[in-house]
1. Determine one quarter of the surface area of the Cα convex hull of region 137-200, which equals its mean projected area, and express it in nm² to one decimal.
2. How large is the dipole of region 137-200 about the Cα centre if only Lys and Arg carry +1 and Asp and Glu carry -1, each at its Cβ, rounded to the nearest 20 debye?
3. Set the Förster distance to 45 Å, then compute FRET efficiency between ASN147 and ARG122 from the Cβ-Cβ distance, nearest 0.05.
4. Rounded to the nearest 20 debye, what is the charge dipole size of region 80-195 about its Cα centre when +1 sits on each Lys and Arg Cβ and -1 on each Asp and Glu Cβ?
Amino acid sequence: VSVKLRFKILQAGPEKHNRNEYLTLNGQNSILNERNVDINSKNTALATLDVIDLTTKNAATDKHSISNNDTNSRVGETLTMKNLQGISSRAASLMTVGEICDALRTDQDAGLTHLEAGSRQRIFGYNEFEVGEHDSLFRKYIEQFKNPLILLLLGSAIVSLVMKQFDDAVSITVAIVIVVTVAFVQEYRSEKSLEELTKLVPPSATAIRSGQEVSFLARELVPGDVIVLKMGDRVPADCRLVEAIDMQIDESSFTGEPNPVRKVTSTMSKVASTNHFHDIKNIAFMGTLLRCGKARVLTENNRNNK
């Protein structure tokens, strides 16, 4: 439905004047109402405002209206992309390749256009975990005392103190402080080393944009991106398999299973998809490693929407 609201200013001036508001609908004008308005301009003017019915399914935000039945409108498609964040790995495993491509408004051969990918990134954000506030060093140090062995030693120190065996109590307490301090320092150094390594070698991905293979940081992936994977690649996001040739993935970091898992593109049955995640054979999970084969996969979601 194309609705145009036209404000016709009869006379300009600093004082109040009447104006007629016209509603243009399918080429016919009808007077809506007449009321006084403040006009601060000195020149006669004609203002036109295109108003779009926001209750329609394919509402748009630009100055051009769109038809209710225009489901292929690129503008309407972008606005409705917010609904895609509800697609989970289990739901994607139950969908055929064609169904999930339609749901994600993408082409499995040409991928997304650069313009559409940029639009989706503004909606969904980056493909990375949200980093919360870091715990203080004092809190991290106190966390070390939650170790069962440390709690047992603390209990022993308290018992020794109650029994007035002060030498034993002091010895145990000193031992606890040394062990906790060493563990805290090691953990702190490990975290810092991991942060520096991540900054030094940020994960990358190869995707198909506008029919061409392009490489960029994995954090820039968006739902609907078609990713190309080869042996040795780490999966940059949770993905639904589109094409796979002798594909085996190491999911030990995810499930603890040492043996690689063979992946397929066929749709999972509802019963199989309700089992453990490692039973879902047509989904590649973020962080797992491609041990052999090659594949094209479709990003079903990104980390920022989980």
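A short reminder: the numbers here are calculations on the coordinates, not readings from a lab. Computed from a prediction, not measured in an experiment: that's the story for all the values here. A quick note on method: Cβ atoms are made from the backbone with ideal geometry, for glycine too, and the neighbour counts reach across all protein chains shown.
1. Seen from a random direction, the Cα hull of region 137-200 projects 4.6 nm² on average.
2. 140
3. Numbers: r = 45 Å, r/R0 = 0.99.
My answer for the efficiency is 0.50.
4. On the way: 11 positive and 15 negative charges, 61 e Å.
With only Lys, Arg, Asp and Glu charged at Cβ, the dipole is about 300 debye.
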